[in-house]
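To start, the structure under review is shown below, and the notes come after it.
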Amino acid sequence: MTKDSSEKSPLISQSVLKSYDRKSEENFDNGVIATESSESGSIGSGVYTYTARQKRVLVQMATANFCHTVCFSLIAPFFPNEAEQKGATPAQIGLIFSVFELVIFICSPIFGRYITVIGSRFMYIMGLFVCGATTILFGFLNLAPDGGMFVGLCFAVRITEAIAATSFVTASYAIIANEFTGRVATVFGLLETFTGLGLMVGPPIGGLLYGAGGFFLPFVLMGSLMMLCVAVSICGLPKQEVWFGPRTRRLGVSQHVWAVHLDCSLMGLPQ
């Protein structure tokens, strides 16, 4: 009996080690490992339980996604008419809308490449901050001189906003993967729900605010909400300790981020 136990023990130990190695390899392939298991959700009786930290992060990111997509879509009801009065042609107006997605398409692999250098938390917060600032700034563009100056400033602000949006959305992918290791797909789906909600209610909100306070009010109000999201993220978003595995370095995080952005761009959705 003792002999059998001594013979089986090495086999059991090897199987446990192999199982651990397989899980480690899977985490390496996913590119992110949560640093503390106590901060990850627990699975009991087949039901995944979110921790208080995860709920806090999820609420913050869902609110930021909603506000960002509202800022992106609220210009649809009134901007074309305003731009025409400022001397912009229909082609220029169309380009002002489409340049946002073009910049995201170009910048996504760049931010994905350097996220490990910049840091996901810093990239996320700075992206939100610049998004809010450029949204507020866009509300003052009706004061610009008519013609080429107005069109040029619209392009400049819109491109800057798109770069900032790429920054915080790219960082959010890394944060989600780090915070929700057991429910990444589910959390992505929840955040996309708020993205769709923002796209749906953005134009009506923009039209109502434009009717109530003119060109200035929609951008200043929504930009201020984005700034509030920045303050909440600074105070409440946990520090991200992310380890990127060898395979992720070899393949490049940017390829995965670029693929997601490409898919959304082809569908005409802001990320």
**Study point:** Complete set of residues in region 184-204 that are out of contact with any helix residue (DSSP H, G or I) (no Cβ under 7 Å at 6 or more places or on another chain) and more than 19 Å from Y124 (Cβ to Cβ)
**Key:** A185, T186, G189, T193, G196, M200, P204
**Study point:** Candidate set from region 148-195 (those that are part of a helix (DSSP H, G or I) and among the aromatic types (F, W, Y)); member that is most open to solvent (accessible area, probe 1.4 Å)
**Key:** F194
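The values are calculated or read from the model by the stated rules, or taken from the named source; none is laboratory data. All of these numbers come straight from a predicted model, not from anything done at the bench. Using ideal geometry, Cβ is built from the backbone for each residue, glycine included, and neighbour counts are taken over all protein chains shown. Quick note on the areas: whole protein, heavy atoms, side chains included, nothing else; ligands and nucleic acids left out. Shrake-Rupley method; radii C 1.70, N 1.55, O 1.52, S 1.80 Å.
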